[in-house]
Amino acid sequence: MARMTTTPGLTVRGATAGDLDAIARVAEAAGQRGEWTGADPAYVGHLLRYGQIAVAIDDDEIVGFGATREIAGRAGVTSMLCDLFVDPAHHGRGCGRALLTQLWPEQTTARMTFSSQHPHALPLYTSVGLDAWWPLLYLTGDPRTVRPPAGWTVELSSADAVGAFEVGWTGLDRTADHHAWTRRPNGLALVAALDGQPRAAGAAAGEGAGFGLVHLASDPRLTDAQAADAVLAALTALDGVEGHAQVCLPAPHPAVRPLLAAGWRTADMDVFMATRVDLLHARRAVPSPALA
Ligand SMILES: CC(C)(COP(=O)(O)OP(=O)(O)OC[C@H]1O[C@@H](n2cnc3c(N)ncnc32)[C@H](O)[C@@H]1OP(=O)(O)O)[C@@H](O)C(=O)NCCC(=O)NCCS
């Protein structure tokens, strides 16, 4: 049967706080449940405040939503597509494309996302100028299996301190996101030091199986081996919370090999898609799938 590519009467508009319940219904219909998903008012509220959210309306009903967040740094502004979800009953009728057109009206800015493996996602992002570069692995394991790397210590810190380290190392001001991450269940800010010198800083958060290292920035002078150790050190500091943790790493990140060797497993994977490969560093980034 020929597929309908556009839905007559489909409209897209910016979201407001009054749309939170409808956005949660779409997220849940698309299989997104629980903390720090489209079904969580804290997450959607953060995007409403610091990003842009669009909703697709068909027959007076919200049937899809998408969100972007701008990340500003010395090299300019990158727009991150954080979410794009359409109610499965409406898939393949142009909702995803209509939402993306509203969120990214021009195709000149630097843009990136972590694409799911849904068959509509990669072709859609490719058609608007993004290329698929590397897998983002969702690694899960027991932090107690991670060997504490020699010379590294990890201290609890604050969102402001971590944000300041990140600005100094990368030029990216992610302080508002660090505040949001540390306010999540089990949220904490941490700084990892090598021989007493702070070299990596980030956030951990989440409930149950979703708990883990959310984002870790590091000193660009770290070697590959040190970048791996920074991740391992941060993970060893998470052992008391749930006996289980998650971290999302680019497949080429130097911490992937030691974690797999320690018995960690890839629970899922997304694909990093971007207008330029250098929008994230495949051997250094420890990004959150939603906010990078
Ligand atoms: C991915 C998603 C947002 C796309 O939205 P959608 O409304 O289904 O997609 P659209 O109808 O706008 O189509 C977008 C592209 O998908 C592909 N596509 C759509 N229907 C298709 C079909 N039946 N068969 C093959 N490809 C199809 C086409 O490339 C299409 O582009 P085109 O319209 O120029 O041909 C939606 O399917 C979804 O919510 N999926 C589950 C959640 C998810 O994985 N989201 C992505 C997070 S990164």
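Bear in mind these aren't lab numbers, they're just calculated from the coordinates by the rules spelled out. Fair warning: this is a prediction, and the values are worked out from it, not measured in the lab. Please note: Cβ atoms are built from the backbone with ideal geometry, for glycine as well, and neighbour counts cover all protein chains shown.
Table for the structure above
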quantity: Estimated 222 nm signal from helices in the chain, with DSSP H stretches of n ≥ 4 weighted -39500 (n - 2.57), rounded to 500; calculated: -7500 deg cm²/dmol
quantity: Net dipole in debye of the chain [+1 Lys, Arg Cβ; -1 Asp, Glu Cβ; about Cα centre; nearest 20]; calculated: 620 debye
quantity: Folded to 0 to 90 degrees: helix 159-170 orientation relative to the chain principal axis, Cα; calculated: 90 degrees
quantity: Under 9 Å, Cβ to Cβ, from A159 - net charge with Lys/Arg +1 and Asp/Glu -1; calculated: -1
quantity: Cα lying deepest toward the dipole's positive end in region 11-105, options L20, L81, C95, charges on Cβ; calculated: L81
quantity: Additional length obtainable on full extension of the chain from A89 to T108, 0.36 nm per residue less Cα span; calculated: 3.6 nm
quantity: Once the Cα gyration tensor of region 138-269 is diagonalised, semi-axes √(5λ) in Å; calculated: 20, 18, 13
quantity: For D160, D40, order by how many other beta-carbon atoms lie within 10 Å, fewest first; calculated: D160, D40
quantity: GNM flexibility winner over the chain from L124, L136, L213 (Cα, springs under 10 Å); calculated: L124
quantity: Rounded tilt (10° steps) of 224-236 against the dominant C-alpha axis of the chain; calculated: 90 degrees
quantity: Proxy reagent accessibility, fewest Cβ within 10 Å first, across I23, I57; calculated: I57, I23
quantity: Mean shadow area of region 11-105, taken as a quarter of the surface of its Cα convex hull (nm²); calculated: 6.1 nm²
quantity: Estimated distance in nm for a label pair at R13 and H118, the labels positioned 7 Å out from Cα along Cα-to-Cβ; calculated: 2.3 nm
quantity: Spatial extent of the chain: Rg and Dmax, with the Cα atoms as the point set, Å; calculated: 19.0, 65
quantity: Modelled FRET efficiency - R0 25 Å, R147 with Q197, Cβ distances, 0.05 increments; calculated: 0.75
quantity: Between region 186-244 and region 145-162, the Cα center-to-center distance that results, in Å; calculated: 6 Å
quantity: Computed lengthening from A42 to M269, 0.36 nm per intervening residue step minus Cα-Cα distance; calculated: 79.3 nm
quantity: Full-stretch length increase - D160, R221 - with 0.36 nm per residue and alpha-carbon distance subtracted; calculated: 19.7 nm
quantity: Helix axis angle, 20-29 relative to the chain longest principal axis, alpha carbon, degrees; calculated: 80 degrees
quantity: Burial ordering of S158, S218, fewest other beta-carbon atoms within 10 Å first; calculated: S158, S218
